[in-house]
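> I'd like to ask some things about the structure below.
The values are calculated or read from the model by the stated rules, or taken from the named source; none is laboratory data. Keep in mind that what you see is a predicted model, and the values were worked out from it rather than measured. Virtual Cβ from ideal backbone geometry, glycine too; neighbours counted across all protein chains shown. Quick note on the areas: whole protein, heavy atoms, side chains included, nothing else; ligands and nucleic acids left out. Shrake-Rupley method; radii C 1.70, N 1.55, O 1.52, S 1.80 Å.
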Amino acid sequence: VVHFHEPPVIVPETIDVKKVALPKAALTEYSIPDDCEETVVYVCNKPSSVPVHPAGPYLSNSLTFMVEAQEKLPAQTLIPCHRTDRVTSGLTICCSNTNVARIIQRSMCEHEVQKLYLARVHGRFPSSSEELSSVSIANVSANVSFMDQGNSVKVDAPVETVDSANGIRKVTPQGKPSQSLFRLLAYEPELELSVISCRPIT
């Protein structure tokens, strides 16, 4: 007998879930019968603090377990089509058919679908090459440049997970190569906060 406590998570009373049917053209292209309930895609509004699937100390306090219970699905039938970090909130796509999962995952790998994150950061984020040149970049492993097209800051840097339990990553020479674009959307001078969009390229 094992007595086990899961770490707590912060969730609303119900998790917003929208069921979306795959278009008939996609079903035909991949020879998936369209009379099957499994062709539905579950678009879940994942709260922060909740892991997408059981991992480490989390089991029932994971998105797939909670959505299965809420939507009265059989246990362990939901397949997450992509990762959303535990500390991140946002839309997470799941399905119950492995062929449907492959369609969505292939679309992401081939950049037919793009991920976009919003973040609030301290200070005024640079919105021009002049502003970027006045910022001192502490990490020499990072290559940071301003892209006039799209008014974005491009960061090309090796990122390493230094604390997987808490989702903490940083730029280190031992990290994996990564590229991302960051763009200023709004600045709140009284709070000294910037709202930025963050788009992973790799």
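> Residues that are surrounded by fewer than 14 Cβ atoms within 10 Å (Cβ to Cβ) and at pLDDT 90 or above: does the range 102-111 have at least one?
no
> Using the structure shown, decide if Ala119 is surrounded by 16 or more Cβ atoms within 10 Å (Cβ to Cβ), of a type in the set (Gly, Ala, Ser) and outside any loop (DSSP other than H, G, I, E, B).
Spelling it out, it is not the case that Ala119 is surrounded by 16 or more Cβ atoms within 10 Å (Cβ to Cβ), of a type in the set (Gly, Ala, Ser) and outside any loop (DSSP other than H, G, I, E, B).
> Now for a different question. Consider Glu68 carefully, then state whether it is at pLDDT below 90, under 30 Å from Glu29 (Cα atoms) and of a type in the set (Asp, Glu).
no
> List the strands (runs of 3 or more DSSP E) inside the range 142-202, counting only whole elements, that have at least 2 residues being closer than 30 Å to Pro7 by Cβ.
152-163, 168-171, 176-188, 193-200
> Could you grab me the full set of residues in the range 148-177 that are touching a helix residue (DSSP H, G or I) at 6+ places or on another chain (Cβ under 9 Å) and open to solvent by 60 Å² or more (accessible area, probe 1.4 Å)?
Asp148
> Filter the range 122-147 down to residues that are modelled with pLDDT of 90 or more, surrounded by 11 or more Cβ atoms within 10 Å (Cβ to Cβ) and either in contact with a His (Cβ under 7 Å, 6 or more places away or on another chain) or farther than 16 Å from Ser178 by Cα (or both), then give me how many there are.
Total meeting the criteria: 10.
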